[in-house]
Amino acid sequence: GGIAMGRARQHAEARQGERRRRLAHEAARLMAESGIRDYQQAKRKAASRLGIHDEASQPRNQEIDEALREYQRIFLGPAQADAVRIRREAAGRAMEFFASFQPRLVGPVLDGTADARSPVSLHLHADDPEAVPRFLDEHDIPAQPRGRRVRLDRDRDLATTAWVFEAEELVFELTVLPVDVLRQAPLSPLDERPMARASLVQLRGLLAGGLPGP
């Protein structure tokens, strides 16, 4: 009896693993092809497409992220590498421009999963939340405010504003954070760990080394 039970359990786990992989790949495909940037949304869409709704078969965000990188490598290749490089170079220019706000590059442009639809996401640091819109106004940059929630740590969420504008045919997204956030990175929606972020010096190193990202 025990052996048969063990086998049945192994079989069920293998089936779940297979379903989880299919879901991760479908979610990654949706993210790559339709520009969805939200893992939960991609997961829900993939689940309804494939009709897989059991909890145990839901992939983790990191599994989707790995599947997305694999998809981009196989199907997008050089075009995707170009999209990343163009955005990293533009991020460098934007970070010079916003230097007084100690900018940090975050998100797909930094981690190398950016594509032709990805915005350049920067964190700007200022204790006066009006300082960034004032600076944008002074330089005649028409930016739209968007509400954002940022996880500072496991216990604290911050409601803040991201300023979105277009330049060089790219979309830039500037999230304004208090200066003390520089000491400890906010949590990544990907894995709840402190998010990867790069200063201008680190970004220049990335560009000079032609590295694919952290």
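The values are calculated or read from the model by the stated rules, or taken from the named source; none is laboratory data. Keep in mind that what you see is a predicted model, and the values were worked out from it rather than measured. So basically every Cβ, Gly included, is an ideal-geometry build from the backbone, and we count neighbours across all protein chains shown. Please note that ligands, DNA and RNA were not included when accessible areas were found on the heavy atoms of the full protein model with its side chains. Shrake-Rupley method; radii C 1.70, N 1.55, O 1.52, S 1.80 Å.
Points to keep in mind about this one:
- Tallying residues that are open to solvent by less than 40 Å² (accessible area, probe 1.4 Å) and under 16 Å from A91 (Cα atoms) within the range 177-204 yields 4.
- On inspection, R146 qualifies as farther than 14 Å from F98 by Cα, under 20 Å from the mean Cα position of the chain (by Cα) and of a type outside the set (G, A, S).
- Residues that are more than 20 Å from the chain's Cα centre (by Cα) and surrounded by 12 or more Cβ atoms within 10 Å (Cβ to Cβ) within the range 122-133 comprise A126, P129, A131, V132, P133, listed in sequence order.
- Number of the exception - P189 against (1) free of Cβ contacts under 8 Å to residues at least 60 places away in the same chain; (2) out of contact with any strand residue (DSSP E or B) (no Cβ under 7 Å at 6 or more places or on another chain); (3) not acidic (D, E): (1)
- Subset of the range 14-62 (residues that are within 17 Å of the chain's Cα centre (by Cα), of a type in the set (D, E, K, R) and farther than 14 Å from T113 by Cα): K43, R60
- Residue list for the range 1-37, filter: surrounded by 11 or more Cβ atoms within 10 Å (Cβ to Cβ) and among the charged types (D, E, K, R): E13, R15, E18, R19, R20, R21, R22, E26, R29, E33, R37
- Looking only at residues in the range 41-76 that are assigned to a helix (DSSP H, G or I) and without any contact (Cβ under 8 Å) to a residue 12 or more places away in the chain, the one that is nearest to P189 (Cα to Cα) is Q41.
- Contacts under 7 angstrom Cβ, first residue in the range 98-115 being aromatic (F, W, Y), partner modelled with pLDDT of 95 or more and open to solvent by 10 Å² or more (accessible area, probe 1.4 Å), 6 or more apart: F101/A126
- Looking only at the range 65-88, and only at residues there that are hydrophobic (A, V, I, L, M, F, W, C) and modelled with pLDDT of 85 or more, the one that is farthest from Q41 (Cα to Cα): I86
- Subset of the range 109-120 [among the small types (G, A, S) and open to solvent by less than 20 Å² (accessible area, probe 1.4 Å)]: G112, A114, S118
- Residue within the range 145-152 that is in contact (Cβ under 8 Å) with a residue 40 or more places away in the chain, in contact with a Pro (Cβ under 8 Å, 6 or more places away or on another chain), surrounded by 17 or more Cβ atoms within 10 Å (Cβ to Cβ) and not in a loop (DSSP other than H, G, I, E, B) present: no
- Residue check, L50 in contact with a Lys or Arg (Cβ under 7 Å, 6 or more places away or on another chain) and surrounded by fewer than 18 Cβ atoms within 10 Å (Cβ to Cβ): yes
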